[in-house]
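**Student:** Attaching a single structure in C-alpha cells format; questions to follow.
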Amino acid sequence: TAKLAMLDSGVNYRHEDLVDKFWVNPGEDVDGDEQVYDLDDLNGVDDDFNGVIDDLCGYDFFTGLGIGTWPGEDAGGPDSDPNDFDGHGTNCASIAAGATNNAKGVAGIAGGWITTNYPTRGPRIMCCRIGGTGSDGLGYINLGNAATAIDYATSNGATAINCSWGSSFSTALSNALSNAIAQGVVICKAAGNDGLDQVDYMGGLAGI
C-alpha cells in the first residue's frame, strides 16, 4: 500500500473524510485493531525499534518557532500526537487523499473509495508534524524538523512526501532529501505563494 507522508502542521486524524485513510504503524499497533491514533496503543515503548516511541500514525517532530506560536497551538516539543491546530496540513491531506464516493468533504486526487461494496482505501497518510501557527497568525514550518521528518518518512517506507511550504538550504535538509531521492521516494514541493518568480531551495533541486 502506498504511503503518503504529509510534512506540515499536522493532520486531523479524526476528520470524517480522512479517518479511514491513515497509515497505522503495524509495529506500534499493540492490539492489532488498525485504529488510527488508538490510545490503547500508547504504552511509552518503542515497539518497532525505529527510534521513535508510540509513532502510531506518524509523529509530531515540531520543536517550535523563533517567533513563538499562536495561543492554542502545540509548542510543547516532539511527541506522539501529530494532530493539526492550524488546518493547513489537513487541507493538503484532503486535496491529496480525501476519501472518494463517501458523500463527505472532498474527493482527493489520489483516490480511495470507502464504501461497503468497494472498500479500496487508496494511499495511506503518514502524519509528520513539523510546524504550526506562529504568534503573528501565519503558518510556519521548522526546517530542522523537516529534515528529521524526511528521514523518518524515508526509513518507514513512505512512497511519496508532500512539502507544501517554502524552504532554504541547510546541510541536514540537503542530506535528508538526497537520501530520500536515492531511495526512490517521490518528493512533491509547492511552487510557492510568495508572489516571486524565483524558485526556493527545494524547488530548484533535481529529483523534486
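**Student:** So, in region 170-185, exactly how many residues are assigned to a helix (DSSP H, G or I) and out of contact with any strand residue (DSSP E or B) (no Cβ under 8 Å at 6 or more places or on another chain)?
**Tutor:** Residues that pass the stated criteria total 9.
**Student:** Just to check your reading of the model, which residue among Gly192, Gly144, Gly207, Gly157 is open to solvent by 30 Å² or more (accessible area, probe 1.4 Å), at pLDDT 95 or above and not in a helix (DSSP H, G or I)?
**Tutor:** Criteria check complete, one pass: Gly157.
**Student:** If you take the residues in region 2-16 that are hydrophobic (A, V, I, L, M, F, W, C) and part of a loop (DSSP other than H, G, I, E, B), which one is surrounded by the most Cβ atoms within 10 Å (Cβ to Cβ)?
**Tutor:** Out of the qualifying residues, it is Val11.
**Student:** Only one of Val45, Val19, Val24 is over 19 Å from Thr120 (Cα atoms) and either in a loop (DSSP other than H, G, I, E, B) or open to solvent by 50 Å² or more (accessible area, probe 1.4 Å) (or both). Can you tell me which?
**Tutor:** From the options Val45, Val19, Val24, the qualifying one is Val45.
**Student:** Out of region 83-105, which residues are of a type in the set (A, V, I, L, M), closer than 15 Å to Leu7 by Cβ and open to solvent by 70 Å² or more (accessible area, probe 1.4 Å)?
**Tutor:** Ile95, the sole residue that qualifies.
**Student:** Just need a number here: residues in region 62-77 that are touching a helix residue (DSSP H, G or I) at 6+ places or on another chain (Cβ under 9 Å) and without any contact (Cβ under 8 Å) to a residue 24 or more places away in the chain.
**Tutor:** Total meeting the criteria: 0.
**Student:** Identify, by number, the condition in (1) closer than 18 Å to Ser164 by Cβ; (2) among the β-branched types (Val, Ile, Thr); (3) touching a strand residue (DSSP E or B) at 6+ places or on another chain (Cβ under 6 Å) that Ile95 doesn't meet.
**Tutor:** (3)
The values are calculated or read from the model by the stated rules, or taken from the named source; none is laboratory data. The structure presented is a predicted model; accordingly, all values stated were derived computationally and were not measured. Please note: Cβ atoms are built from the backbone with ideal geometry, for glycine as well, and neighbour counts cover all protein chains shown. Note: areas computed on protein heavy atoms with side chains; ligands, DNA, RNA excluded. Shrake-Rupley method; radii C 1.70, N 1.55, O 1.52, S 1.80 Å.
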